[in-house]
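What follows is a short report on a single structure.
Derivation of every value follows stated rules applied to the coordinates shown; laboratory data play no part. Please read these numbers as outputs of a predicted model, since none were measured by experiment. Here Cβ is always computed from backbone atoms with ideal geometry, including for glycine, and neighbour counts include all displayed protein chains.
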């Protein structure tokens, strides 16, 4: 009698663990976004003179069928760059949602 209860309990635990793993895998699968799907292009002049303003153009396109919500582009200036007072080496940009 006890042995049957232990076996039944073991089966219930095993099935519960498998269900949790299946749910976790499903949720994780839904949150995957492939780098190949998002096309990102950064355009800038090859050289700049000291004190010259440099303009960076960022082009992006989502080639997938999943909307990318709340994207954040973190731009970090190259080493040796000189900033105006109050500017940071790292800039966080929030483009509109990518459809």
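The GNM of the chain, with springs linking C-alpha atoms under 10 angstrom apart, assigns the highest mean-square fluctuation among 17, 37, 27 to 17. Volume per residue for the range 38-93 equals 90 cubic angstrom (convex hull of Cα atoms). In this entry, the chain is assigned a mean projected area of 11.5 nm², taken as a quarter of its C-alpha convex hull surface.
Would you compute, from DSSP H runs of 4+ residues alone, the mean residue ellipticity of the chain at 222 nm, taking -39500 (n - 2.57) per run and dividing by the full residue count, rounded to the nearest 500?
-10500 deg cm²/dmol
Spin-label model, residue 19/residue 55: points 7 Å from Cα along the beta carbon direction are separated by 6.0 nm.
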